[in-house]
Amino acid sequence: MSNSIPEIENADLLLIFGYNGADSHPIVARRIIKAKEKGAKIIVVDPRITESVRIADLWLPLKGGTNMALVNACGNVLINEALYHKEYVGKYVEGLEDYKTAVAKYTPEYAEAITGVKADDIRKAMRDYAGAKNAMILYGMGVCQFSQAVDVVRGLASLVLLTGNLGRANVGIGPVRGQNNVQGTCDMGTLPDVFPGYQAVTDAKARRKFEKAWGVKLSGRIGYKLTEIPHLVLQEDKVKAYYIMGEDPVQSDPNAGEVREVLDKMELVIVQDIFMNKTALHADVILPATSWGEHEGVYSSADRGFQRFKKAVEPKGDCKPDWQIICEIATAMGYEMKYEDTEEIWDEMRGLCPSFAGASYKRLDELGSIQWPCPTEEHTGTPYLYEGNKFSTPNGKGQLFACDWRPPLERVDEEFPLSLSTVREVGHYSVRTMTGNCRALQQLADEPGYVQLSVEDAEELHIRDQELISISSRRGSVMARALVTERVKKGATYMTYQWWIGACNELTSDHVDPITKTPEFKYCAVKVERIKDQAGAEQHVRDEYAKLRKQMGVNV
Amino acid sequence: MEKKVLTVCPYCGTGCKLYLVVEDGQVIRAEAADGRTNEGNLCLKGYYGWDFLNDPQILTARLKKPLIRKNGKLEEVSWQEAIGFVAGKLTEIKKKYGPDAIMGTGSARGAGNEANYVMQKFMRAVIGTNNIDHCARV
Ligand code: SF4
């Protein structure tokens, strides 16, 4: 996020794009409500009636998979109605002429035909957005689950640049990250193209610095992305070993059937985790790690805030902290890696990353939270980025970006007439091995999980609320409970991805966008069918659940 | 004797601060702390999301011992055997197919920044590849 979570409540306008704070980040959602109470205008772009929609001044209910067309139309209005901030753009931004050309055809009327959002509402939204003193954009899953995600994010950032909503408090743009430490894993360079601190592996100078510190020669070739792995294994036979730390791709990645095939084809699958999970069932070796609560370290919050987390209890089994396991493997492979504690690791990291250098454990204890960049120990951190409107481009100017909308790769047809998107649910978290093992949270909802569908579709298919139904795609079929709701539009269905029996990733596709190579995260065509024998279906769910739990080593 | 440990919620990127209240080596409840982002508030997951530490055997079992697949079945082994096995296999695969035949992941969940730093260092410095990524799901 360019700005801080607490600043949300001081914005004069919030443009919330495909982000459902109430379900994914309740405490961020509180800030949104506070902003509203303080008089902020709220504009929400979402196909569903989410909690944010309920408090919105303006709702743009776009069709799934049409984000880019809408974002381009927003830019079109800013340009054609001369709503953009000319002085700011002149001073700090470049690419205006190309941008104008790219969005020229996306008039609100043109976009209405694609997105289903009324042309005048698009105009109104942009007039309000450009007219607000301090406006902030929040986006989430709704943007990121489509193959054009990267383009849409850059398109949204262009709206921010055009209106000069950057470089000060209470403005900017924020992806509100899902898992607690997604920001931190990026910060630490668990990415194929950057070392810790966002230093490019292709930059010879950066490489030399890390080579000197680590005492080995390093590769300057950008590594593989996780999303490329299925193809690299199944078609090209290039990847032979997979070391999976704390993730569960069989449950969390699209097209679970293919993920299983990938794991089974590998010569070596190492799973390092805290709970038995679906991926671990395919492992050659399992290394038990200590969990949150049993070890300490630093997390990065979504708004770049480093915060220490502490050990509260002793581990229950013969587990070791993740870093210690890795060090032991490294040492056994002839590269000695040894740290006394996490602080020693953190200090090594700080020494190599100028923008994190000042965030020592001592300073973190004193300040509670430090938002990077924090170059020295005297520095107190950076609540918002781009002070002075200097950007990290070579010439320091912000780059405008627009590109054509491309329809989702898989479209609904006669056989699979409904769209499926995957969403989050308030009580549970991603793959659920943690929340699903908490008594109070487990009671909120249990297997087989739900599929949300519209009242109209339910009537047409003779499906009643809470009935078990079958959902199928070109890749698979699962059973789940129907949640018939007015919040969903006809033709659309939604599932959450934490369920084992109603596992939506048995259905989703991993089609890769031909241009950006990003997979179509979690959007596909499905059909929903009524199950006549409800009693039999209920029994089937109970049997399957018992079988799965037994597989996972639970004493049943 | 109750002891309160100030920590950070492990569930979402809001980064709420909370106290874990520990008695006799068990977490018994969580209390909201005055963090920068949460200012004394928590959601359901923050309040009740610690119970898995007590391994209540609801959905899955905690992994408590290293396991190696032998003749198709996962069997308990010592740490020494597990580490030796992994190191040997990785060395062999690296020699046979080159470092880029090995892929590693970071973890966006509980492991923490230090573990992720060490993981990417391992892949880069020990294996010799930049094949390291995580599931950057928003
Ligand atoms: S308490 Fe809720 S909102 Fe806060 S970090 Fe935890 S899951 Fe997120």
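The values are calculated or read from the model by the stated rules, or taken from the named source; none is laboratory data. From a predicted model like this one, the values you see are computed outputs, not experimental measurements. Note: ideal-geometry Cβ built from the backbone for every residue, glycine included; neighbour counts use all protein chains shown. SASA here: full protein model, heavy atoms, side chains in, ligands and nucleic acids out. Shrake-Rupley method; radii C 1.70, N 1.55, O 1.52, S 1.80 Å.
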Looking only at the range B:123-137, how many residues end up being buried (at least 24 other Cβ atoms within 10 Å of the Cβ) and either in contact with a Gly (Cβ under 8 Å, 6 or more places away or on another chain) or modelled with pLDDT under 95 (or both)? 7
Under 7 Å between Cβ atoms, at least 6 apart or on separate chains: pull out the pairs that start in the range B:49-60 with a residue that is outside any loop (DSSP other than H, G, I, E, B) and of a type outside the set (Phe, Trp, Tyr) and end on any residue that is away from the ligand (no atom under 15 Å from the Cβ) and open to solvent by 20 Å² or more (accessible area, probe 1.4 Å). B:ASP51/A:ARG439; B:ASN54/B:GLN26
Going residue by residue through the range A:67-80, is there one that turns out to be in a loop (DSSP other than H, G, I, E, B), crowded, with 22+ Cβ neighbours inside 10 Å and not assigned by TED's automatic domain parsing to the domain that holds A:TYR494? no
Mind listing just one residue for me: the one in the range B:1-29 that is open to solvent by 10 Å² or more (accessible area, probe 1.4 Å) and aliphatic (A, V, I, L, M) and, of those, farthest from A:ARG30 (Cα to Cα)? B:MET1
Scanning the range B:23-68 for residues that are β-branched (Val, Ile, Thr) and either more than 7 Å from chain A (Cβ to nearest Cβ) or within 12 Å of the ligand (Cβ to nearest atom) (or both) gives B:ILE28, B:THR37
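Only one of these is open to solvent by 50 Å² or more (accessible area, probe 1.4 Å) and more than 7 Å from every other protein chain (Cβ to nearest Cβ): B:LYS89, B:LYS94. Name it.
Numbers: B:LYS89 fails: more than 7 Å from every other protein chain (Cβ to nearest Cβ).
Going through B:LYS89, B:LYS94 in turn, just one is open to solvent by 50 Å² or more (accessible area, probe 1.4 Å) and more than 7 Å from every other protein chain (Cβ to nearest Cβ): B:LYS94.
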Please enumerate the residues belonging to the range A:9-22 that are outside any loop (DSSP other than H, G, I, E, B) and either more than 10 Å from chain B (Cβ to nearest Cβ) or basic (Lys, Arg) (or both). A:GLU9, A:ASN10, A:LEU13, A:LEU14, A:LEU15, A:ILE16, A:PHE17
Count, please, the residues in the range A:225-247 that happen to be under 15 Å from B:ASP133 (Cβ atoms), more than 7 Å from chain B (Cβ to nearest Cβ) and either under 17 Å from the mean Cα position of the chain (by Cα) or among the charged types (D, E, K, R) (or both). 2
Restricting attention to the range A:324-336, and to residues there that are within 33 Å of the chain's Cα centre (by Cα) and within 7 Å of chain B (Cβ to nearest Cβ), which single residue is most open to solvent (accessible area, probe 1.4 Å)? A:GLU328
Only residues that are open to solvent by 10 Å² or more (accessible area, probe 1.4 Å) and modelled with pLDDT of 95 or more: list them for the range A:11-35, please. A:ASP12
Could you grab me the full set of residues in the range B:1-17 that are more than 9 Å from the ligand (Cβ to nearest atom) and in contact (Cβ under 8 Å) with a residue 60 or more places away in the chain? none
List pairs: first residue in the range A:186-215 and among the acidic types (Asp, Glu), second residue open to solvent by 10 Å² or more (accessible area, probe 1.4 Å) anywhere in the structure, Cβ distance under 7 angstrom, at least six positions apart or on different chains. A:ASP193/A:ALA200; A:ASP193/A:ILE222; A:GLU211/A:LYS217; A:GLU211/A:LEU218
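Restricting to the range A:392-403, name every residue that is in a loop (DSSP other than H, G, I, E, B) and either open to solvent by 30 Å² or more (accessible area, probe 1.4 Å) or farther than 13 Å from A:GLU94 by Cβ (or both). Quick ask: steps written out before the conclusion?
From the range A:392-403, those in a loop (DSSP other than H, G, I, E, B) are A:392-397, A:400-403; that's our starting set.
The answer is A:SER392, A:THR393, A:PRO394, A:ASN395, A:LYS397, A:PHE401, A:ALA402, A:CYS403.
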Return the pair list, or none, for Cβ contacts closer than 7 Å from residues in the range A:288-302 that are in contact (Cβ under 8 Å) with a residue 40 or more places away in the chain to residues that are assigned to a loop (DSSP other than H, G, I, E, B) and among the hydroxyl-bearing types (Ser, Thr, Tyr), at least 6 apart or on different chains. A:SER301/B:THR14; A:SER301/B:THR37; A:ALA302/B:THR14
For B:ARG109: the one exception among (1) at pLDDT below 95; (2) surrounded by fewer than 17 Cβ atoms within 10 Å (Cβ to Cβ); (3) charged (D, E, K, R): (2)
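Taking B:LEU20 as the residue in question, decide whether it is out of contact with any His (no Cβ under 8 Å at 6 or more places or on another chain), more than 14 Å from the ligand (Cβ to nearest atom), within 30 Å of A:GLY553 (Cβ to Cβ) and not hydroxyl-bearing (Ser, Thr, Tyr). Can you show your working first?
Working: out of contact with any His (no Cβ under 8 Å at 6 or more places or on another chain): yes; more than 14 Å from the ligand (Cβ to nearest atom): no; within 30 Å of A:GLY553 (Cβ to Cβ): yes; not hydroxyl-bearing (Ser, Thr, Tyr): yes.
For B:LEU20, the condition - out of contact with any His (no Cβ under 8 Å at 6 or more places or on another chain), more than 14 Å from the ligand (Cβ to nearest atom), within 30 Å of A:GLY553 (Cβ to Cβ) and not hydroxyl-bearing (Ser, Thr, Tyr) - is not met.
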Which of the residues that make up the range B:1-22 are more than 9 Å from chain A (Cβ to nearest Cβ), in contact with a strand residue (DSSP E or B) (Cβ under 6 Å, 6 or more places away or on another chain) and in a loop (DSSP other than H, G, I, E, B)? none
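Restricting to the range A:537-556, what's the tally of residues that are among the aliphatic types (A, V, I, L, M), in a helix (DSSP H, G or I) and either open to solvent by 80 Å² or more (accessible area, probe 1.4 Å) or within 11 Å of B:THR60 (Cβ to Cβ) (or both)? Spell out the reasoning first.
First pass over the range A:537-556, keeping only residues among the aliphatic types (A, V, I, L, M): A:537, A:541, A:546, A:548, A:552, A:554, A:556.
Those still in the list that are in a helix (DSSP H, G or I) too: A:537, A:541, A:546, A:548.
In the following step, the residues that additionally are either open to solvent by 80 Å² or more (accessible area, probe 1.4 Å) or within 11 Å of B:THR60 (Cβ to Cβ) (or both) were identified as A:548.
Looking only at that region, the number is 1.
Residue by residue, here is whether (1) aromatic (Phe, Trp, Tyr); (2) over 15 Å from the mean Cα position of the chain (by Cα); (3) modelled with pLDDT under 90; (4) farther than 23 Å from A:ALA29 by Cα holds:
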{"site": "A:ALA119", "(1), (2), (3), (4)": "no, yes, no, yes"}
{"site": "A:ASP128", "(1), (2), (3), (4)": "no, yes, no, no"}
{"site": "A:GLN148", "(1), (2), (3), (4)": "no, no, yes, yes"}
{"site": "A:SER158", "(1), (2), (3), (4)": "no, yes, no, yes"}
Tell me whether the range A:175-184 contains one or more residues that are touching a helix residue (DSSP H, G or I) at 6+ places or on another chain (Cβ under 8 Å), within 16 Å of the ligand (Cβ to nearest atom) and outside any loop (DSSP other than H, G, I, E, B). yes
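Quick check on my filter: what residues within the range A:147-174 are basic (Lys, Arg) and not in a loop (DSSP other than H, G, I, E, B)?
Start the filter on the range A:147-174 by keeping residues that are basic (Lys, Arg), which leaves A:154, A:168.
Residue satisfying the conditions is A:ARG154 alone.
Can we say A:ILE222 is under 29 Å from A:ALA256 (Cβ atoms), at the interface with chain B (Cβ under 8 Å from one of its Cβ atoms) and surrounded by 16 or more Cβ atoms within 10 Å (Cβ to Cβ)? Before the answer, list the steps.
Working: under 29 Å from A:ALA256 (Cβ atoms): yes; at the interface with chain B (Cβ under 8 Å from one of its Cβ atoms): yes; surrounded by 16 or more Cβ atoms within 10 Å (Cβ to Cβ): no.
Considered against the rule, which asks whether it is under 29 Å from A:ALA256 (Cβ atoms), at the interface with chain B (Cβ under 8 Å from one of its Cβ atoms) and surrounded by 16 or more Cβ atoms within 10 Å (Cβ to Cβ), A:ILE222 comes out as no.
Please note which strands (runs of 3 or more DSSP E) are completely contained in the range A:252-371 and include at least 2 residues that are modelled with pLDDT of 95 or more and among the aromatic types (Phe, Trp, Tyr). Lay out the reasoning, then the answer.
Details: elements: A:268-273, A:285-288, A:297-300, A:305-309.
Counting at least 2 such residues, we get A:305-309.
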